[in-house]
1. Here are the criteria: (1) surrounded by fewer than 18 Cβ atoms within 10 Å (Cβ to Cβ); (2) in contact (Cβ under 8 Å) with a residue 24 or more places away in the chain. Tell me which single one Thr59 does not satisfy.
2. May I ask you to say which residue of Glu102, Glu175, Glu119, Glu153 is modelled with pLDDT of 95 or more and more than 17 Å from Cys211 (Cβ to Cβ)?
3. Quickly run through segment 6-15 and pick out the residues that are part of a loop (DSSP other than H, G, I, E, B) and surrounded by 10 or more Cβ atoms within 10 Å (Cβ to Cβ).
4. Just one of Leu233, Leu240 is under 25 Å from Gln149 (Cβ atoms), of a type in the set (A, V, I, L, M, F, W, C) and assigned to a helix (DSSP H, G or I); which is it?
5. Out of segment 108-121, which residues are buried (at least 22 other Cβ atoms within 10 Å of the Cβ) and either assigned to a helix (DSSP H, G or I) or among the aliphatic types (A, V, I, L, M) (or both)?
6. Conditions: (1) in contact (Cβ under 8 Å) with a residue 40 or more places away in the chain; (2) more than 24 Å from Val241 (Cβ to Cβ). Val176 meets all but one. Number of the miss?
7. If you go through segment 214-237 one residue at a time, do you hit one that is surrounded by 15 or more Cβ atoms within 10 Å (Cβ to Cβ), without any contact (Cβ under 8 Å) to a residue 60 or more places away in the chain and either aliphatic (A, V, I, L, M) or at positive phi (or both)?
8. For segment 197-213, how many residues are touching an Asp or Glu at 6+ places or on another chain (Cβ under 9 Å), among the β-branched types (Val, Ile, Thr) and either surrounded by fewer than 24 Cβ atoms within 10 Å (Cβ to Cβ) or part of a helix (DSSP H, G or I) (or both)?
Amino acid sequence: MELFADKNPDFYKEASVLKASDIVSWKRDRNVYNFERLPRKAILSIKKNSYSKLTSRFTKRAKGISGTHYIHKSGVLLCSEFGSGAPAMLMLMEELRELGVEQFIFIGMAGILHDSVKEGMACIISQVYSSSGASFFYTDDEKIGCFDQQWFEKVKDVCQLEKRIAWSTDCPYREVPSLFSHYKSKGCSLVEMESAAVYSFSQFYKISAVCILIGADNLTSSKWKVPNNMKGLIEAQQKLVSQLIQL
């Protein structure tokens with residue numbers, strides 16, 4: 001993009017005109033939230049069925065934030081239904097950070113690019129290549145690593161996860177063969193839409209965040225293949241959440 005090719009060298013140091021703190025203050029003035037401060041740790045998953053075994057109608061809902069969010073008795077915020085893709089992820093994380101969240105774990109589904117990843121296999125993402133426009137507002141790096149290595153290793157060990165490199169894109173319906181070839185040559189074995197946003201945010205604010213991706217649909221050949229066991233994919237997410245709330 002021309003904007004980023006010619007951007008001011010101090011772009012990433014510039015303060016935003018609209019800040020998450022402004023939105024949070026505006027909501028607080030209108031009593032939108034039903035809490036004073038959120039838990040320090042948040043687990044983010046696109047669909048709320050990731051948490052169905054841990055929540056009930058008695059579990060406290062955190063109101064005032066777009067999506068469905070539960071404050072679990074373990075002291076962990078469980079986030080879902082906030083939308084998909086980098087912009088939705090960044091809008092949520094900005095608000096959560098302002099409300100007290102300091103550690104983020106994202107659990108997502110991903111397309112499989114390499115035969116070493118099997119359907120239902122959960123991988124922790126050490127690096128992600130970005131072709132996601134939103135992430136470039138936080139870093140101009142195309143390859144983005146995990147900021148907090150100690151947090152990364154702790155999550156990896158607790159959940160017994162293998163490390164993988166991912167590719168994030170804004171446009172899943174434009175995943176053309178030349179792009180597959182390019183990112184597979186970089187070592188990417190998974191493709192999805194959110195990890196670049198999570199890691200760019202983490203690098204920008206120097207805050208802890210880890211991405212865990214579960215292999216789902218298969219893109220290793222010229223024809224897209226649907227997942228064979230959707231129930232198994234949901235159960236894999238639920239197992240991870242049960243492990244992660246103990247951290």
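1. Single failed check for Thr59: (2).
2. Details: Glu102 fails: more than 17 Å from Cys211 (Cβ to Cβ); Glu175 fails: modelled with pLDDT of 95 or more; Glu153 fails: more than 17 Å from Cys211 (Cβ to Cβ).
After applying the criteria, what remains is Glu119.
3. Within segment 6-15, just Lys7 meets the criteria.
4. Of Leu233, Leu240, the one residue that is under 25 Å from Gln149 (Cβ atoms), of a type in the set (A, V, I, L, M, F, W, C) and assigned to a helix (DSSP H, G or I) is Leu240.
5. Restricting attention to segment 108-121, the residues satisfying the condition of being buried (at least 22 other Cβ atoms within 10 Å of the Cβ) are 108-113, 117.
The answer is Met109, Ala110, Ile112, Leu113, Val117.
6. Result: Val176 passes all but (1).
7. no
8. Going through segment 197-213 one residue at a time, the tally reaches 1.
The values are calculated or read from the model by the stated rules, or taken from the named source; none is laboratory data. Because the structure is predicted, anything quoted here is derived from the model rather than measured. Note that we place each Cβ from the backbone using ideal geometry, even for glycine, and neighbour counts take in every protein chain shown.
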